[in-house]
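Heads up, the thing below is written out as structure tokens.
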Amino acid sequence: MSDLGIVFALLGAATAVLLAGAGSAIGVGIAGQAAAGVVTEDPGKFAKVLILQLLPGTQGIYGLLVGFIVLSNIGLLGGGVADISLQTGLLIFAACLPIGLVGLISAIFQGRTAVASIGIVAKKPDQFAKSMLFPAMVETYAILALLISILSVTSIKI
Amino acid sequence: MADNYVYAVARIRSKENSLFSNSVIEQLISCKTYESCLQFLTEKGWGDSDTEQDGEAMLSREREKMWQTMRELVPDMSVFDVLSYTNLFHNLKAAIKQVVSGVSGAKVFYDDCSINGETMVKIIAEKNYQALPENMQEAAREAYETLVQTRDGQLCDIIVDKAALEAIYQAGMKAKNEILRQYAESTVAVADIKIAVRSQRTWKTLDFMKQAMAECRSVNVDQLCHAALNGMDSICSYLEETDYAEGAEALRESSSAFERWCDNRIIKTIQPQKYNAFSVGPLVAYVLARENEIKTVRIILSGKQSGFSDDSIRERVREMYV
């Protein structure tokens, strides 16, 4: 049974990286399509739309960060794997869920908001600063989830 | 999937910047002569080097450019069927008349639709109706035989026009996008109202009107026909009970005021598409906005050529999308 502890701990790290990363890939992908559409007509707006395209990419980084902390805590990165009980493994898994799930959903919706904001830049490039705020609002919830995941993962005694 | 249009909608958003606003239209009206209007349009990027001196060629070129863009953006052009049926059925009408009369006229066909003039004439001449879309076959056969037997061009026209309205309505109702459904509904209803008005003015019979009108949700064909038999006031009174109540007011003013109201109504309907980023709606809105813009420029150019005053032209110009 004690082997299952490390399995759940790794599953937690994988969930954080996989879900948040997939969300970011979808978000950046959809925003990239819109950015390409604007640049086709007006290459001068490349820098502005690129920034908007990249906004949904942060969730993937947050997932990666939580994944690294988990791997580091359980000793996988250092070479000596800690002896992790099933209860501790499940705790680590639960700690990774916030950034995994919230990362996935927030990145997709941030991508869609970025698409709408790219529409603002296409028509009114002088409103770029305002247009950035809309997708940035979605980021708040990814940051909250990241905070809880990091606090939880680092608080678990191994 | 709605997300398939993200790239296309973003490109259209950029292109919307070059659409004429009401103030640009005002500048065009302020140009003193037809030639200065053409120069103004050339400076705005309209037409190309071959069309600088020819207004009609310039407008055709602009329509070609628009459809070229749409072909680049939309892999399945059938979403625009609702919009292109008018031109397609026009080609059918022109081809039937050309084949029956044996006279090939000037440039009477639209080339930017799924069956161009040359192909349409070949199909009609060979009576190869199966080569036409299913919703055109019966109308083509009936219109051709009617024209051959009766030589009545108007009867041929109403058969094809009614088939066109029915095709637009069916395609619109099948469409997943709300704007296409609204466009189809509005187009058929407005066409029915125009038929009623013209029939009333030319003392047409009830049978003629029923033969020409297509069914739709927002206008009751039977009631509209009976209203037309009773006079213009009856048509206006009937319209006041429908979604076209404001149109009744315009109709009382004049036919051109009513047509202007119809076009402005469509532009008002498509306005919300300016804030939609994920469906085919903004592309349809762009096509309609471009058609409206080209129509308005044509009205201004014709007015300048005919020596109308600026105020007289201004009364006829449509509201712009941007």
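The values are calculated or read from the model by the stated rules, or taken from the named source; none is laboratory data. Owing to the predicted nature of the structure, the values given are computational and were not obtained by experimental measurement. Please note: Cβ atoms are built from the backbone with ideal geometry, for glycine as well, and neighbour counts cover all protein chains shown. Areas reflect the complete protein model, heavy atoms only, side chains present, ligands, DNA and RNA absent. Shrake-Rupley method; radii C 1.70, N 1.55, O 1.52, S 1.80 Å.
Quick look at the values:
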quantity	calculated
Within 10 Å of each Cβ in B:14-20, the average number of Cβ atoms from other chains	4
Proximal lysines relative to A:K45, as straight alpha-carbon distance under 16 Å, when same-chain residues fewer than 8 apart are discounted	A:K123, A:K124, A:K130, B:K15
Peptide-level mean, for A:105-117, of C-beta atoms on other protein chains within 10 Å	2
Long pairs among B:K65/B:K274; B:K268/B:K295; B:K122/B:K295; B:K97/B:K162; B:K93/B:K122, criterion Cα-Cα beyond 19 Å	B:K65/B:K274; B:K122/B:K295
Protein-only accessible surface order, largest first, of A:T88, B:T296 at 1.4 Å	A:T88, B:T296
Under Karplus coefficients 6.51, -1.76 and 1.60, residue-wise ³J(HN,Hα) of region B:74-81 in Hz, glycine/proline x	10, x, 10, 6, 5, 5, 9, 3
Cα pair distances of region B:80-174 binned at 10 Å [whole percent]	17, 54, 26, 2
Calculated [θ] (222 nm, deg cm²/dmol) that DSSP helices of n ≥ 4 give over the protein assembly as shown, each run adding -39,500 (n - 2.57)	-25000 deg cm²/dmol
Cα gyration tensor category, rounded, prolate or oblate, for region B:31-141 with a/c compared to 1.5	oblate
FRET efficiency, B:S114 to A:Q87 (Cβ-Cβ, R0 45 Å, nearest 0.05)	0.10
Relative contact order, percent, region A:29-98 [alpha-carbon distance under 8 Å, six or more residues apart]	19
Rounded tilt (10° steps) of A:2-41 against the dominant C-alpha axis of chain A	10
Shape category assigned to region A:1-144 from the gyration tensor of Cα positions, a/c cut at 1.5	prolate
Formal net charge of residues neighbouring B:D192 (Cβ-Cβ distance under 12 Å; K, R +1; D, E -1)	0
Distant-in-sequence amide H partners of B:R318 (H built 1.01 Å from N, under 5 Å)	none
In region B:98-144, the trypsin sites (Lys or Arg not before Pro) that fall in loop regions by DSSP, at most 15 other Cβ within 10 Å	B:K107, B:K127
Proximal aspartates and glutamates relative to B:K44, as straight alpha-carbon distance under 15 Å, when same-chain residues fewer than 8 apart are discounted	B:E16, B:E26, B:E35, B:E52, B:E62, B:E293
Part-to-part distance (alpha-carbon centres) for region A:21-59 and region B:56-94, which is given in Å	31
Descending Cα extents along the principal axes, the protein assembly as shown, whole Å	97, 50, 47
Sites matching GluC sites (Glu not before Pro) across region B:1-90 that sit in DSSP coil, with at most 16 neighbouring C-beta atoms within 10 Å	B:E52
³J(HN,Hα), Karplus 6.51/-1.76/1.60, whole Hz, each residue of region B:186-203, x for Gly, Pro	5, 4, 5, 4, 5, 4, 4, 5, 5, 4, 4, 5, 5, 5, 5, 6, 9, 6
Table column - 3J(HN,Hα) (Hz), region B:295-309, Karplus curve with 6.51, -1.76, 1.60, x for Gly and Pro	4, 5, 5, 4, 4, 5, 4, 4, x, 5, 5, 8, x, 5, 6
Per-residue mean of C-beta atoms belonging to partner chains within 10 Å, peptide B:255-267	0
Chain B, relative contact order in percent, only Cα pairs under 8 angstrom and at least six apart counted	23
Prolate/oblate/rounded label for chain B (Cα gyration tensor, a/c 1.5)	rounded
With every protein chain in place, the protein assembly as shown: carbon and sulfur % of accessible area (1.4 Å)	56
Computed accessible area, B:Y85, all protein chains, 1.4 angstrom probe, square angstrom	30
Förster radius 41 Å - calculated FRET efficiency between A:A47 and B:S104 (Cβ-Cβ, nearest 0.05)	0.15
Pairwise FRET efficiency - B:K65 versus B:R217, Cβ, R0 = 25 Å, nearest 0.05	0.10
